[in-house]
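Student: Structure provided below as structure tokens; questions to follow.
Where a number appears in this text, it was derived from the coordinates with a stated rule and is not lab data. Small disclaimer: the values here were computed from a predicted structure and weren't measured. Reconstructed Cβ throughout: ideal geometry from the backbone, glycine too, with neighbour counts over all protein chains shown.
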Ligand SMILES: Cc1ncc(COP(=O)(O)O)c(C=O)c1O
């Protein structure tokens, strides 16, 4: 059978790899199993969401607009304004924002839209942090670009070293994925870091795709958005030619901000040329947000109160983890997101031990990273722990972890 040989090279999905790794290993009979492997919020969306969905029950028969309703795009613009100071003068909901069915869709599809056949006569490159959210790699693969995995290790501050991009790479670079707060390490890209990425993109003609889906989950410092940084770049260069968000696209969703992973409600925003083209492209192929979910999303983007509660919930979980784990396994408080990234020496071995001896499921770091050209995997010595369960469960899991590892 003829199939796409590029996509055939796709490795098993991280959670399938975990399933295979743990196959045949039972958890202890005397403990309740706890899974901290998947970054899925375990708390509900605000209770008023279901009322809004019910109130729009009559809309299920209607095809919703591909780009989201004007109300939804307006609510997203309102949140971007409140959260990042992007005023309505700078951010037009019609030209700068598209709703999409969760950020995953955009992260996968954007490379298909953006990557050319060749760049400067050569095969284009899509670069991403390593470890990384697996969808970046799949999007890059489908686009035909070469994937470049940029190590984001303790030594590089857990973000890729942008100075490591050499002239040949920059010449071929089509997309640079940035993830802040980073999954899995939880670091926040500073304004300076984002500015560096944006300036490089404009100088070398590539697009920064900034995955900001953990932007509302932070410990002390609210993470900046690449869009906000565009304003700072514009101010310092006096650019006033409508190219404010030139070559910058941010991706975000309600999945983490509002515990709404099941809503499949997100957006892309930024460069109006890309938004127009990508919007045209996705209108053929992508799922649009059903009217009832669109209406609920409007209310969620308009409300910040529930987000404060969600943020406080994860902070408490980090407090508990810190109190129990202390300074073992290189523990640090993640400045953003809700993952612990613990250096346990051998992540796969630790994941097996944790399941066999403690009934705790975690993701080995190697399952969210790729080998570098020297065959080293920057995630191999780590495990990723999603602090998504309630405080008592997190305490129990961490206590078991320190006991068996
Ligand atoms: C870094 C990162 N980006 C994007 C996503 C996709 O989220 P969604 O499609 O639910 O918006 C996830 C989900 O876990 C993620 O961790």
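Student: From the C-alpha coordinates alone, can you work out the Kirkwood hydrodynamic radius of region 315-360, in Å? List each step's numbers first, then the result.
Tutor: Numbers: mean 1/r = 0.0863 Å⁻¹.
One decimal place: 11.6 Å for the Kirkwood radius.
Student: While we're here: Taking Rh as the Kirkwood radius computed over C-alpha pairs, what is the Stokes-Einstein D of region 62-302 at 25 °C in a medium of viscosity 0.890 mPa s, expressed in µm² per second? Spell out each step's value before the answer.
Tutor: On the way: Rh = 17.8 Å.
Estimated diffusion coefficient is 138 µm²/s.
Student: Also, quick follow-up: Considering every Cα-Cα pair within region 74-213, what fraction, in whole percent, is farther apart than 23 Å?
Tutor: Values: 3556 of 9730 pairs.
That fraction is 37 percent.
Student: Report the relative contact order of region 62-302, percent, no decimals, based on alpha-carbon pairs under 8 angstrom and at least 6 residues apart. Display every interim value, and only then the final one.
Tutor: On the way: 461 pairs, mean separation 66.4, N = 241.
Dividing the mean separation by the residue count of region 62-302 yields 28 percent.
Student: For region 62-302, what is the percent of antiparallel DSSP beta bridges, rounded to the nearest 5?
Tutor: Details: 10 of 28 bridges.
Restricted to region 62-302, the bridges split so that about 35 percent are antiparallel.
Student: Pick out which of 363, 22, 107 has the largest mean-square fluctuation in a Gaussian network model of the chain, springs linking Cα atoms closer than 10 Å.
Tutor: In the Gaussian network model the winner is 22.
Student: How far apart, in nm, are two points set 7 Å out from the Cα along the Cα-to-Cβ line at residue 403 and at residue 29?
Tutor: With each label placed 7 Å out from Cα toward Cβ, I get 1.7 nm.
Student: What's the ranking of 140-151, 49-60 by average number of surrounding C-beta atoms within 10 Å, highest first?
Tutor: Working: 140-151: 20.3, 49-60: 14.0.
Going by the mean number of other Cβ atoms within 10 Å, highest first, we get 140-151, 49-60.
Student: Can you run the Rg to Rh ratio on region 195-275? Use alpha carbon positions and the Kirkwood inverse-distance Rh. Can you show the working numbers first?
Tutor: Working: Rg = 13.9 Å, Rh = 13.6 Å.
On the Cα set of region 195-275, Rg over Rh gives 1.02.
Student: When only alpha-carbon atoms are used, what values of Rg and Dmax, in angstrom, describe the chain?
Tutor: Every Cα atom of the chain included, Rg and Dmax give 21.0, 66 Å.
Student: If neighbour count is taken as other Cβ atoms inside 10 Å, put 394, 285, 76, 34 in order from fewest to most.
Tutor: On the way: 394 25, 285 10, 76 28, 34 20.
The fewest-first ordering by Cβ neighbours comes to 285, 34, 394, 76.
Student: Right, another one. Compute the distribution of all C-alpha to C-alpha distances in region 289-405, in bins of 5 Å from 0, and list the percent of pairs in each, rounded to whole numbers.
Tutor: For region 289-405, the binned pair fractions read 2, 11, 18, 19, 15, 10, 9, 8, 6, 1, 0 percent.
Student: Expressed as a rounded percentage, what relative contact order does the chain have, with Cα pairs under 8 Å and six or more residues apart? Walk me through the intermediate numbers first.
Tutor: Numbers: 810 pairs, mean separation 100.9, N = 405.
Relative contact order of the chain: 25 percent.
Student: Grab the alpha carbons of region 24-126, take their convex hull, and tell me the volume per residue in Å³.
Tutor: 278 Å³
Student: Label-point separation (nm) for residue 50 and residue 372, each offset 7 Å from Cα along Cα-to-Cβ?
Tutor: 5.0 nm
Student: Quote the convex hull volume per residue of region 1-45, based on C-alpha atoms, as a whole number of Å³. Write down the numbers at each step before the final one.
Tutor: Working: hull volume 6.9 nm³, N = 45.
Spread over its residues, the Cα hull of region 1-45 gives 153 Å³ apiece.
Student: Which whole-number percentage describes the relative contact order of region 167-257, with Cα contacts under 8 Å and a sequence gap of 6 or more?
Tutor: Values: 131 pairs, mean separation 30.3, N = 91.
Taking the mean separation of contacting Cα pairs over the length of region 167-257, I get 33 percent.
Student: Out of the DSSP beta bridges found with both residues in the chain, what percent are antiparallel (nearest 5)?
Tutor: Details: 18 of 38 bridges.
Taking every DSSP beta bridge within the chain, about 45 percent pair in antiparallel fashion.
Student: Another question, if that's okay. Assuming R0 = 41 Å, can you tell me the calculated FRET efficiency for the pair residue 61 and residue 167, based on Cβ-Cβ distance, to the nearest 0.05? Please report the intermediate quantities before stating the final value.
Tutor: Numbers: r = 56 Å, r/R0 = 1.36.
Using R0 = 41 Å, I get an efficiency of 0.15.
Student: Using R₀ = 41 Å, calculate the FRET efficiency as 1/(1 + (r/R₀)^6) where r is the Cβ-Cβ separation of residue 309 and residue 285; round to 0.05.
Tutor: On the way: r = 36 Å, r/R0 = 0.89.
In this case the efficiency is close to 0.65.
Student: With the Cα gyration tensor of region 161-315 in hand, convert its eigenvalues to equivalent ellipsoid semi-axes via √(5λ) and list them largest first in whole Å.
Tutor: Numbers: eigenvalues 152, 83, 43 Å².
So the three semi-axes of region 161-315 are 28, 20, 15 Å.
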